[in-house]
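The values are calculated or read from the model by the stated rules, or taken from the named source; none is laboratory data. Because the structure is predicted, anything quoted here is derived from the model rather than measured. Positions of Cβ are backbone-derived with ideal geometry, glycine not excepted, and every protein chain shown enters the neighbour counts. Protein only, heavy atoms only, side chains kept; ligands, DNA and RNA dropped before computing areas. Shrake-Rupley method; radii C 1.70, N 1.55, O 1.52, S 1.80 Å.
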2 protein chains.
Amino acid sequence: MSTMEAWSWPPRYDPAYRPDPASRYWFPVRETMDPGARDAAIVQRLREVCAYAYQSCDFYRDKWDEAGFHPSQIHSLEDFERRCPVVTKADLRAAQHRAPPFGDYLCVAESEVHHIHGTSGTTGRPTVFAIGRDDWQHIANAHARIMWGMGIRPGDIVFIAAILSLYMGSWGALAGAERLGAKAFPFGAGAPGMSVRAVQWLAMMRPQAFYGTPSYALYLAETAIQEGLNAADFGIQRMFFSGEPGASVPGVRERIQATYRAAVFDCGSMAEMSPFMNIAASAESATGMLCWQDVCYTEVCDPQSFERVPYGQRGTPVYTHLERTSQPMIRLVSGDLALWSNDPTACGRTYPSLPQGIFGRIDDMFTIRGENVYPSEIDAVLNGLVSYGGEHRIVISRAGQMDELLLRVEVTADLDARGPAALERFRQQVAAAVQKVLGLRTLVEVLPPGTYARTDFKARRVIDDRDAFREMAQRLQPGGG
Amino acid sequence: MSTMEAWSWPPRYDPAYRPDPASRYWFPVRETMDPGARDAAIVQRLREVCAYAYQSCDFYRDKWDEAGFHPSQIHSLEDFERRCPVVTKADLRAAQHRAPPFGDYLCVAESEVHHIHGTSGTTGRPTVFAIGRDDWQHIANAHARIMWGMGIRPGDIVFIAAILSLYMGSWGALAGAERLGAKAFPFGAGAPGMSVRAVQWLAMMRPQAFYGTPSYALYLAETAIQEGLNAADFGIQRMFFSGEPGASVPGVRERIQATYRAAVFDCGSMAEMSPFMNIAASAESATGMLCWQDVCYTEVCDPQSFERVPYGQRGTPVYTHLERTSQPMIRLVSGDLALWSNDPTACGRTYPSLPQGIFGRIDDMFTIRGENVYPSEIDAVLNGLVSYGGEHRIVISRAGQMDELLLRVEVTADLDARGPAALERFRQQVAAAVQKVLGLRTLVEVLPPGTYARTDFKARRVIDDRDAFREMAQRLQPGGG
């Protein structure tokens, strides 16, 4: 068996390397090797990365000493997963409050910091990302490799249609495009008038590849129409997305593909995890995302115990950097929700996958009659039905002693015109499909198209009436207020 | 005499080079050498660059064949200046219309294009900048060197507060900061809410250096006050500006210095000329700008004949790239207006300088009683007077057979309160100061503070009433309409 390409700690990449133009893989060995052999290499690397972090910063040393964990204990993936405590975003914020501005998990000298980025919230303390000079190159190498896997090639124009500021998505795409030998076109987004200019430049430059968020791609397509242009004429071949789950949401995904007549790829874990394309689709495995385990090690875990769940089950991804020296994240809890699989991939890469992408946040989960329900599962069911009108609400209420789930679902104008019998058939179809996925009986109400206002992809779709019910019930009890 | 550092065609820079930390100069020889010896090196380089351009693209070959110019004719700066025809922005637009998208002045293979940027106008065909992979590094090297000259050092945080999109200013500052070994913080600008976030991050990160436009720096200082912050507390030491002439305009410059308690440096020729910091201030020569002749060769020329004017005179800068291979600009007419000087510089660099920076556009010139007048000259005179209220209008009219210049000038509230005698003294002071600079008698009217609405730095200050007068006079003539 050949050795894994450029596999060393700390990473050392040849900046001039490019694969054979005919190769599907940037690093054929690393991408298609026996998973057991890769895992053995990852165990060794985890020991190296953890030893480095333990030596280089207070954050991990203090945290691990307290937990009784030491890098020398790692002899298997299970050792690592059971003994090494997880890190949360709150831990990072606390560390930056304690040791401003970069936190006591910066493992290189401050003079090595190459770029500063951060979270862009307006309330509370933002998190600062300090990315080392070498790490910027490692991120660029990883992203170039994964973008190659999407079919992007040297010389392609890569149009970057996301704001270039604190947000790491656009910068990661840019670094990858540069390293790949593409023509990077960092157009950005966000300022007034930029969308009109973007569609004019897209029509003029005809880029082969496009990066942005799904919602902005759809907005640009609408802007094109207003400007007398058609997104399908831009000649874009490949579109890759992060920042929102849309590119893995059936319905949204197909709409983008149809509007641009382009292949759509989802990617992106978390800004903290840059190279965030550690989870990403490939040209032949275009739905969902692969877990590029030799870039970052992904475990999909139970959201309470943070123990790895078996393939085929859902949980929250927990990520570990294998190639970062500046702010390495070791067992960072994403809080996202995904189902993972170890089925063979169409592209031949021997990685596990997230076949439905990231489909929610563990915080969104609610419990009804003892069953855990994620609103995104209901989204996915509805988006798979042709007569679904595009919006719905989930109302949780209490009738008698039982929680009840009521789905209020818009239908298409087409179905609406076909009369009561067709609507009733759709109602039953929804109820059956939801019961199958959730294992729960659900009340379904069908509504005319356009009942709910369209805002954005983060529409608040869950209405929980149980608290109101409980408060009322309490007041009615003897001795209640 | 030592050899000029990294002086070769095509350029080859050592990406790891940094000067001695104590050195004022990045390249001591190139920056302080005998100007005659430098000019001799530039003559040789012009011959090489022109031979390269002649061989590599239709644009220059066709243009020069038609003009009877050939690179082999260059044996002196004068040969080059007299024989080589100038290029205008209209020539570039026509070339891109003829050979889209990059124009037939792209001198490298399309596959070598690393970044695409462009002009950001919304009307007419924009100009596309195609910057080659090697050129991006040459630009970064030149900018790092010039930013070193401003006193920016490795490890400094460089906060970039200008939009990251088509605009080259922010990208040039970023490339320079990265190459210098600074901590680049490409915050950007332009999207709603970004100014509030910018001042929060400035207060939190306390960057050593700031890049933006002068007007945006002043706007951020106002935003800081609204957020309960003070720009003077950000701890910024050095601010460098391009995109607007404000950093060389007395009054604006001092206002920024006082608001931020920071040193202010002007820089920037034209986006097409990237490395656009080819004209830039230095730490010890902080007012105006030096012409870094070994980066780009600058001639200040008569706006009609495009012949170099003597030092001490004003004209329009004409620039020639000495280190670009992708879209080299050879005698590109800026259309800007500057006065140049060959006086010794405070920093010891043996470059000519533009002591007042860029102070207008040749298109803004008007002629009155045979004298060429640039509104910016009047701006500069007024901004130098302590009782000037910050706004004025220039009214050109015709009384009898003579053109008349009327200056309507706001005074400060302070002067306004001091009564008629003080106002009359100021009126006479303005008239004398303007007469001295323009060689023209001028009517001056003083006005209370706040007479004119404040819009932005590009306020329309010239009102030419002569056309109305002429039309009226024509109608009054026998046989007139």
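Ranking B:Arg255, B:Arg308 by solvent-accessible area of protein heavy atoms (1.4 Å probe, all protein chains present), from largest to smallest, gives B:Arg255, B:Arg308.
Sorted shortest first, the distances from the A:Gln435 label point to those of the same residue in the other copies are 10.0 nm; each point sits 7 Å from Cα along Cα-to-Cβ. Chains A and B together bury some 3300 Å² of accessible area, summed over both sides, with a 1.4 Å probe. The slack between B:Arg361 and B:Ala232, meaning 0.36 nm per residue of separation minus the straight C-alpha distance, is 43.2 nm.
Exposure check, 1.4 Å probe, all protein chains in place: A:Cys301 carries approximately 0 Å² of accessible surface.
With the label put 7 angstrom out from Cα along the Cα-to-Cβ vector, B:Tyr17 ends up 2.9 nm from the copy partners, going from closest to farthest. Across peptide A:198-211, the mean count of Cβ atoms from other chains lying within 10 Å of each residue's own Cβ comes to 2. Net charge near A:Met270, counting Lys/Arg +1 and Asp/Glu -1 over other residues with Cβ under 11 Å of its Cβ? Neighbourhood net charge equals -1. Does region B:47-128 come out rounded, prolate or oblate, given a ≥ b ≥ c as the square roots of the eigenvalues of its C-alpha gyration tensor, rounded meaning a/c under 1.5 and, failing that, prolate meaning a/b above b/c? It comes out prolate by the Cα gyration axes. Each Cα pair under 8 Å and six or more residues apart adds its sequence gap; the mean of these over the residue count of region B:205-358 is a relative contact order of 17 percent. With the cut-off at 25 Å, tell me which of the pairs A:Lys183/B:Lys63; A:Lys183/B:Lys89; A:Lys63/A:Lys89 have Cα atoms farther apart than that. Violating the 25 Å Cα-Cα cut-off are A:Lys183/B:Lys63. Probing with 1.4 Å while keeping every protein chain in the model, the per residue accessible area of region A:282-437 equals 37 Å².
A loss of 30 Å² or more of accessible area (1.4 Å probe, protein heavy atoms, ligands and nucleic acids excluded) relative to the isolated chain is seen in these residues of region B:168-189: B:Trp171, B:Glu178, B:Lys183, B:Ala184, B:Phe185, B:Pro186, B:Phe187. Measuring between their Cα centroids, region B:82-132 and region A:190-207 lie 18 Å from each other. For region B:282-288, backbone phi angles converted through the Karplus equation (6.51, -1.76, 1.60; θ = phi - 60°) give residue-by-residue couplings of 10, 3, 8, 10, 7, 9, x Hz, Gly and Pro being listed as x. Binning the C-alpha pair distances of the protein assembly as shown at 10 Å intervals from 0 yields a P(r) profile of 2, 10, 17, 21, 19, 14, 9, 6, 3, 1, 0 %, listed from the shortest bin outward. For region A:314-331, putting each phi into the Karplus relation 6.51 cos²θ - 1.76 cosθ + 1.60 with θ = phi - 60° gives couplings of 9, x, 10, x, 10, 10, 9, 5, 10, 9, 10, 10, 7, 10, x, 9, 10, 6 Hz, in residue order, rounded to whole numbers and with x for Gly and Pro.
Label-to-label distance, B:Ala421 versus B:Arg369, with points set 7 angstrom from Cα along the beta-carbon direction: 3.1 nm. As a calculated quantity, the FRET efficiency between A:Arg61 and A:Lys89 at R0 = 22 Å, using C-beta atoms, amounts to about 0.60. Applying 1/(1 + (r/R0)^6) with r as the Cβ-Cβ distance of B:Ser397 and B:Gln429 and R0 = 35 angstrom yields a FRET efficiency of 0.95. Remark: region A:98-248 carries 27 Å² of accessible area per residue (probe radius 1.4 Å; ligands, DNA and RNA excluded). Once backbone amide H atoms are built at 1.01 Å from N, A:His115 has A:Ile131, B:Ala184 as its partners under 5 Å, excluding neighbours fewer than 5 places away on the same chain. The mean number of Cβ atoms from other chains found within 10 Å of a Cβ in peptide B:101-114 is 2, as a whole number. The relative contact order of region A:198-289, computed from alpha carbon pairs under 8 Å that lie at least 6 residues apart in sequence, is 24 percent.
Taking every Cα-Cα distance in region A:308-457 and sorting them into 10 Å bins starting at zero, the pair-distance distribution P(r) comes out as 10, 31, 30, 19, 8, 2, 0 percent. The figure for A:Trp9 is an accessible area of roughly 50 square angstrom, using a 1.4 Å probe on the protein chains alone. Highest-first packing order for the peptide set A:256-263, B:59-66 is A:256-263, B:59-66, based on the mean count of other beta carbon atoms within 10 Å.
Applied to region A:54-66, the Karplus parametrisation 6.51 cos²θ - 1.76 cosθ + 1.60 on θ = phi - 60° returns per-residue 3J(HN,Hα) values of 4, 6, 9, 8, 5, 3, 6, 4, 5, 4, 6, 4, 5 Hz, with x for Gly and Pro. Using a simple spin-label model with pseudo-atoms 7 Å out from Cα toward Cβ, B:Ala346 and B:His75 lie 4.3 nm apart.
For the protein assembly as shown, with all protein chains present and a 1.4 Å probe, just round the carbon and sulfur fraction of the accessible area to a whole percent. Here carbon and sulfur together make up 51 percent of the probe-accessible area. Using a simple spin-label model with pseudo-atoms 7 Å out from Cα toward Cβ, B:Thr451 and B:Glu48 lie 5.8 nm apart. As a check on your reading of the symmetry: which chain A residue has its Cβ nearest the axis that brings A onto B, and how far is it in Å? Looking at chain A's Cβ atoms against the axis toward B, the nearest is A:Leu164, 2. The residues B:Glu307, A:Glu5, sorted by heavy-atom accessible surface at 1.4 Å with ligands and nucleic acids left out, run B:Glu307, A:Glu5 from largest to smallest.
Using a/c under 1.5 as the rounded threshold, could you call region B:147-252 rounded, prolate or oblate? The axes a ≥ b ≥ c are square roots of the C-alpha gyration tensor eigenvalues, and prolate needs a/b larger than b/c, oblate otherwise. The shape class here is rounded.
Here the calculated FRET efficiency for B:Ser305 and B:Leu440, from their Cβ-Cβ distance with R0 = 22 Å, stands at 0.35, rounded to the nearest 0.05. For region B:1-86, the solvent-accessible area works out to 51 Å² per residue, with a probe of 1.4 Å and every protein chain left in place.
Averaging the sequence gap over all C-alpha pairs within less than 8 Å and six or more residues apart, then dividing by the number of residues, gives chain B a relative contact order of 11 percent. Label position 7 Å from Cα toward Cβ: report the copy-to-copy distances for A:Val395 in nm, one decimal, ordered from shortest. Those label-point separations list as 7.0 nm.
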